[in-house]
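This report concerns only the one structure given below.
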Amino acid sequence: MARQFLLPLFLLAALGVTSASKSVLVLLQNVNTADKYSKFFGSLRDYGFDISVKSVKDSSLKLKEYGTWLYDDLVLFAPPAEGFGGKIDRQVILEFVDSGHNVLMALNSDASESMRNLAAEFGIDVDDRGSKVYDHFSHATLNGKEDHTLIAGGNVVDAPVMVGGPYKEPVLFRGIASVIPGDAELATVALGAPSTSYSHAPKQAMLEPPSLMVGSSISLVTAVQARNNARVVVAGSLEMFTDDFFDAVVTVKGVSTHTSNWAFTVTMARWAFQDRGVLVASNMRHHLLGSDEQPWGYRVNDDVEFLVDVVELDGGVPKPFAADDIQLEFIMLNPYIRQPLQHDGNGTFSLRFKVPDVYGVFKYYIDYAHRGYSYIKLTHQVPVRPFKHNEYERFLVCAYPYYASAISIMVGFFALGFFYLYNK
Amino acid sequence: MSPVKPSSGPEPYVSHASLFETAKRYLTKTKSQELLLRSIILIFVYLLAFCIRLFSVLRYESVIHEFDPYFNYRSTINLVQEGFYEFWNWFDAESWHPLGRVVGGTVYPGLMFTAAILYKVSQFLTACIKLRDICVFTAPFFAGNTALIAYLFGKELKDTETGLVAAALMAVVPGYISRSVAGSFDNEAVAIFALVTTFYLWVRAVNQGTIASAVLAAFAYLYMAASWGAYVFISNLIPLYVIIMFVSGRYSRRIYVAYTTFWAVGSLLAMQVRFIGFNHVTSNELLSFNGVFVGLQVWEALVFLRTKLGTKQFGQLVYLTAVAAGAVGAAGTAILVLSGKLNPWTGRFWTLLDPTYAKKFIPIVASVSEHQPTTWASYIFDLHVLVFAAPAGLYFCFKRPTDGTIFLTVFALTAIYFSGIMVRLMLVAAPAFVLLSAIAVSSILQSASKELRTPAAAETKTSPVATRRGRTSASNEENITTKKSTNLMILGLTFLALWSYSSHSVWVTSEAYSSPSIVLISGWGPHRVVLDDFREAYYWLRHNTAPDAKVMSWWDYGYQITAMGNRTVIVDNNTWNNTHIATVGRAMASNETEAYKIMRQLDVDYALVIFGGMSGYSSDDINKFLWMVRIGGGVFPVIKESDYLANGDYTVSSRGTQTMLNSLMYKLSYYDFGNIMTEHGKGTGYDRVRNYEIGKKDVQLDHLYEAFTSEHWIVRIYRVKDLENRF
């Protein structure tokens, strides 16, 4: 029980300390190209990230040393890389994620098999090598060159905590398509393709229909939040992170416009590195109305109050969270109570309710999974017992006839006995 | 041991010599000699009854046996630690997760109270006996008490000699020993004592016809009702007896007084047991108990009125009463049944009337081995010579019927019937057989020894007569010698029969009934292997899992896991919720993916199976699996028994069906077993219980992983994984 309360506190403390300088390892295909992403990395540094850039083939690469992770986050900007140097491989990266760390990977149409396999581990299917996303309607013209693979009509998902926005200017994208298979529950589209787009490999013959990846089923940027709240972002375009795209002035459907790439990618990266949209629930407590003590369990039909504090961490700074859609369930096999928690504006969520007239081992259960926010999953077991023998009501009005009959029998028996014995 | 007492010197007025004289004078009286002899015999019988039940403690150790006793032990601990009221209101959150169990209201608390009182008394006497030892020795202790009651019962039925024989027979009757060896801390341990006591006090009440004796019988009935569900047997047998007495014309005021008092006080007392409560009035099972009471009152009222009214008026009154009573009774019954106030006949009850009922309709009742019909062999095994002596006893009962012997006859005949239906009820038949046999044996012994003794006395007495009638004396003498030898032969045969009975009892007790089944021993001498896997596994659970971890296993092991492992279980031996058990059965019978969903819904952290393929332990889960399928299929029709049978055959060999070989139970039992060589000359994965190679050797688990396997692989525990982190 105590564990459940302490864990979020430790988490809070840990986040508070590390957010001062979270270290990020960036792996590039060629270290000399780092300047292409100077604005992106610069912005991240401004947000307090400690960025070290290395070549993907560097033989001294390692994520883990003596059982501790050396980095908090990993950026893979090396789409064609077939493998990694040093002590990094796919298994290590998966372990990295499973222990709560985050990965931002960018691909392009030259993405290698190993990168695609890595993406597949997070529930993202990336299209074949060499394929590109085409759109003959929603493309942009950059520097006077009309390019049907330069997508400018992408749909930024309506989750400001994850992607920022809303953006007036388009997000430029040039790269490979992905889809989220139906059984991948944790992945979500951050930047969707326009409905007129499709994916096609130019060297291959055109299929009819062109590909399975068509229209809005294509995901350009995909966000995954694992069950342990580790985050993975897979962008189909590496170029969208470059200074060129940040500064570009493009013509889309005859209108000249700046791009939103800078804001979008930096927000996305901050989200991926758990710098935004992190919820911490703590101090879960419950008590009978009129008492402050937390009981071992309840009796049926008790009136109880459940409380929990939820804060949102933004850049490592906690602030009270406010939402109307956090539901509390009170479950024994089935939920007997399922109601939204009320919040007081200071981050305390609460619900008063009557324990159902059923005894058993109930559990409080909160499973909050709002897009963009980290999951809140709390369970706490509370037995609900029936009335004790001396807790039933006594001297009920409806039982008076029974009392009367019992007493009259006793009196009658006494009188009859007396009469029988002494009336000779 | 005892400290030397400071010598207080000889008493001033009583010298040793005079004390000796008094004792000598006292002992030379026949009556006091007989009393002394009787007391010595009874003390020895008591000790015998106690000691013969200690094989299990000597062979193994002082442990609680089997399954149900573990719950009783755990409840007793709760009662001793938390006190009476907390036990009375105990809501057990550790069993039947997540439903919980209201233990206080669903338990017969007599056994726990008995053990707790024994413990308190021993504490008060500053005897530091562990609660566990109290529980272990409760059953032998009460067996001794039962033998004493059998003595009193026999005495009440016939005479002192019958009582002594009854006590001796009762002390070692295997049918009773089977449920009362040391460590068998089960309801029956005290309930048989309560049953025999109630019957004894009832017969005494009928013989005396006083209110006080009937009240005493009612208190014994309370103890029975508090101890065992078979109290219903008493409260049906006694009305049956009253009806028989009524029909046979032996009805008397004594019976009226005894029954009416017993009914009133007994009902009130039994209703105080929470588990029984108002069932005692409303239940159909007790209809005859209440009905006979009403009938007796009506009869007595009519008898009373007949003395006051004329014949014609009386006839009219009877007619009116009959019509009114019939109408009101029918209407009342209809209303009660329709409104559900009158409980429907429970399945267990139907089983008693129709032995095939359970097999057809209630798999959960039929799956219990002690609910199986009794075979003839087990009569001989459990009663031995009593089987042959009891009919002789019946003969003696019919020869000189008294109120007491008629009761015994009714008791014996019903008990024999019920024991034929369910093995477990052999326990109830044993006292009846013992008492009947005691009557037979003592009658035979009495007549034989009387014949043996009288000629000698007759010779001296009748010698003048013999001289007067010299003609007959020669043939008379010859007659006497043949009679003597016949009687000697009868005595010898009886002795032989009793001797073989006692040696049989000792043998049965030591061989069959003294295994605690929590520790197993196989092999002999230097090849002896002790299989202590159960406790090993339960202690592993206790020390290596989270305190609130939930363990799913088949219900047989529920009580042991909660008592020894101290972890929450999904189902246990108190099979009160068939649906919940069926859910577990379904999980065990489904494939792993389906089972995982069920297990997650039930918050299961660990799955536990019992597996005998490695050690040859035959009552393992694979052998019980068909019951899981049947019970699961009874509630969830997706589980079909035919899917698990290969052409009607139950097998896990390569002929087994895919459903069978992919079921969770198969996987958990045989995980990694395919790589093991168990017997020389056989292939890998050779199952030593089923005696063939298993059908699928490469068992992969996706949603569980092996957490623990005991030394001889008897207990295997698997951890249920969380959901995948990334998918």
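Take peptide B:73-80, look around each residue's Cβ out to 10 angstrom, count Cβ atoms belonging to other protein chains, and average those counts.
Per-residue shielding by partner chains comes out at 0.
Give me A:K168, A:K57 ranked fewest to most by other Cβ atoms within 10 Å of their Cβ, as a rough exposure proxy.
A:K168, A:K57
To make sure I understand, if each residue's beta carbon is the centre and we count other beta carbons within 10 Å, what order do B:L452, A:L27 fall in, fewest to most?
Lowest to highest Cβ neighbour count: B:L452, A:L27.
Exceeding 27 Å between C-alpha atoms, which entries from my cross-link table qualify? They are A:K39/A:K203; A:K319/B:K597; A:K388/B:K120.
Correct reply: A:K39/A:K203; A:K319/B:K597.
At 7 Å along Cα-to-Cβ for each site, give me the label-to-label distance between B:K120 and B:F278 in nm.
Each label point is offset 7 Å from its Cα along the Cβ direction, giving 3.0 nm.
From the residues B:N187, B:A707, B:G612, which one has its Cα farthest along the dipole of chain B in the positive direction, the dipole being from +1 and -1 charges on Cβ of Lys/Arg and Asp/Glu about the Cα centre?
Toward the positive end, the furthest listed residue is B:N187.
Tilt of helix B:253-270 relative to the longest C-alpha principal axis of chain B, in degrees (0 to 90, nearest 10)?
Tilt of helix B:253-270: around 30 degrees.
Under the definition of partner shielding as Cβ atoms of other protein chains within 10 Å of a residue Cβ, what is the mean value for peptide B:92-98?
That works out to 5 on average.
Using alpha-carbon positions, what is the distance between the centroids of region A:63-83 and region A:314-366, in Å?
A separation of 38 Å, based on Cα centres.
Cβ neighbours within 10 Å, averaged per peptide: list B:144-153, B:90-99, B:546-555, B:670-679 in order, most packed at the top.
B:144-153, B:90-99, B:546-555, B:670-679
Lys and Arg at +1, Asp and Glu at -1: add these up for the other residues within a Cβ distance under 13 Å of A:L61 and post the number.
Its environment carries a net charge of +2.
How do the peptides B:483-490, A:399-406 rank, highest first, by the average count of neighbouring beta carbon atoms within 10 Å per residue?
Listed from highest to lowest mean packing, they are B:483-490, A:399-406.
Of A:D243, B:D572, B:D605, A:D324, how do they rank once you tally other Cβ atoms within 10 Å and put the fewest first?
A:D324, A:D243, B:D605, B:D572
What distance in nm separates the simple spin-label points at B:A646 and A:W296, each placed 7 Å from Cα in the Cβ direction?
Using points 7 Å along Cα→Cβ, the separation is 5.2 nm.
Can you give the relative contact order of region B:626-727 as a percent, counting alpha carbon pairs under 8 Å and 6+ residues apart?
Answer for region B:626-727 is 17 percent.
Work out the FRET efficiency for B:I244 and B:E86 from their Cβ-Cβ distance, taking R0 = 41 Å, and round it to the nearest 0.05.
Efficiency computed from Cβ-Cβ geometry: 0.35.
I need the calculated FRET efficiency for the pair A:E65 and A:D89, taking r as the beta carbon distance and R₀ as 25 Å, to the nearest 0.05.
0.95
Which value in deg cm²/dmol, rounded to the nearest 500, describes the helix-derived mean residue ellipticity at 222 nm for chain B, given -39,500 (n - 2.57) per DSSP H run of n ≥ 4 and division by the residue count?
-20500 deg cm²/dmol
Measuring from label point to label point, each 7 Å out along Cα→Cβ, what is the A:Y167 to B:N577 span in nm?
If labels sit at A:Y167 and B:N577, their model points lie 5.3 nm apart.
If I fit a long axis through the Cα atoms of helix B:426-468 and take the longest principal axis of the Cα atoms of chain B, what angle between them do I get, 0 to 90°, rounded to 10?
Roughly 20 degrees, rounded to the nearest 10.
Sketch the reach of a paramagnetic label on A:Q327 as a point 7 Å from Cα along Cα-to-Cβ, and name the residues of region A:368-388 whose backbone nitrogen lies under 16 Å away.
A:368-371, A:376-379
Roughly how crowded by other chains is peptide B:99-105, in terms of the mean Cβ count from those chains within 10 Å of each of its Cβ atoms?
4
With n ≥ 4 as the cut-off for DSSP H runs, can you work out [θ] at 222 nm for chain A, using -39500 (n - 2.57) per run divided by the number of residues, rounded to the nearest 500?
The per-residue figure over chain A is -6500 deg cm²/dmol.
Among the helices of chain A (complete DSSP H runs), which have Cα atoms covering no less than 20 Å along the helix axis and a Kyte-Doolittle mean of at least -1.0?
Answer set is A:2-18, A:400-422.
In region A:130-174, which residues have a backbone nitrogen under 18 Å from the label point lying 7 Å from A:S256's Cα in the Cα-to-Cβ direction?
A:140-147, A:169-170
So how tilted is helix B:110-124 from the main axis of chain B? Cα-based, degrees 0 to 90, rounded to 10.
Rounded to the nearest ten degrees, it is 80.
Extension gain A:K203-A:E113, at 0.36 nm per residue separation less the Cα-Cα distance, in nm?
30.6 nm
Just so you know, all these numbers are worked out from the coordinates, no wet-lab data involved. Note that this is a predicted model, so its numbers are computed, not measured. In this analysis, Cβ positions are derived from the backbone assuming ideal geometry, glycine residues included, and neighbour counts consider all displayed protein chains.
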